[in-house]
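The values are calculated or read from the model by the stated rules, or taken from the named source; none is laboratory data. All of these numbers come straight from a predicted model, not from anything done at the bench. We place every Cβ from the backbone using ideal geometry, glycine too, and count neighbours over all the protein chains shown.
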Amino acid sequence: MVVTTVANDEKAREIARAALEARLAACVQLYSIDSHYIWEGEAHEDSEIAIHLKISTADFEPLRELIRRHHDYEIPEILRFDIADGDPAYLAWLGDTVRK
């Protein structure tokens with residue numbers, strides 16, 4: 001699973017559509033969140049959209065590049081979390097969906 005955050009719903013939907021159309025993600029979930037963080041030495045609080053993308057590990061590099069192309073943050077959060085285990089049917093669906 002890959003996680004990123006963006007400033008607004010429009011940008012989140014743009015990234016979600018691009019990842020799905022490129023078959024780099026089988027499923028994309030968008031969540032409204034409140035982010036508290038340090039940027040350039042100062043504390044900030046902002047509303048953001050968190051994006052969770054369900055992917056195949058083999059697609060991480062192309063997905064990272066896709067996110068960078070569409071993202072408007074100077075340093076976007078792009079984190080990959082490997083799934084240790086899951087429901088076999090769901091994992092099979094995920095693999096079949098992103099397979100080229």
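Filtering the range 87-100 to residues that are free of Cβ contacts under 8 Å to residues at least 24 places away in the same chain and among the hydrophobic types (A, V, I, L, M, F, W, C) leaves Ala89, Leu91, Ala92. Apart from one condition, Ala22 fits all of (1) more than 20 Å from Ala84 (Cα to Cα); (2) modelled with pLDDT under 95; the exception is (2). Among residues of the range 14-43 that are without any contact (Cβ under 8 Å) to a residue 24 or more places away in the chain, those with a Cβ under 6 angstrom from a residue that is of a type in the set (D, E, K, R), sequence gap 6+ or separate chain, pair up as His36/Glu45. Every listed requirement among (1) surrounded by 12 or more Cβ atoms within 10 Å (Cβ to Cβ); (2) at positive phi is met by Glu40 save one, (1). Within the range 53-86, being free of Cβ contacts under 8 Å to residues at least 24 places away in the same chain and more than 15 Å from Ala16 (Cα to Cα) holds for Ala58, Glu61, Glu74, Ile75, Ala84, Asp85, Gly86. Scanning the range 64-100 for residues being within 18 Å of the chain's Cα centre (by Cα) and under 11 Å from Met1 (Cβ atoms) gives a total of 6.
Residues that are of a type in the set (Gly, Ala, Ser) and over 11 Å from the mean Cα position of the chain (by Cα) within the range 19-57 comprise Ala22, Ala26, Ser32, Ser35, Gly41, Ala43, Ser47, Ser56, listed in sequence order.
Condition check: surrounded by 14 or more Cβ atoms within 10 Å (Cβ to Cβ) and of a type in the set (D, E, K, R). Does Asp96 satisfy that? It is false that Asp96 is surrounded by 14 or more Cβ atoms within 10 Å (Cβ to Cβ) and of a type in the set (D, E, K, R).
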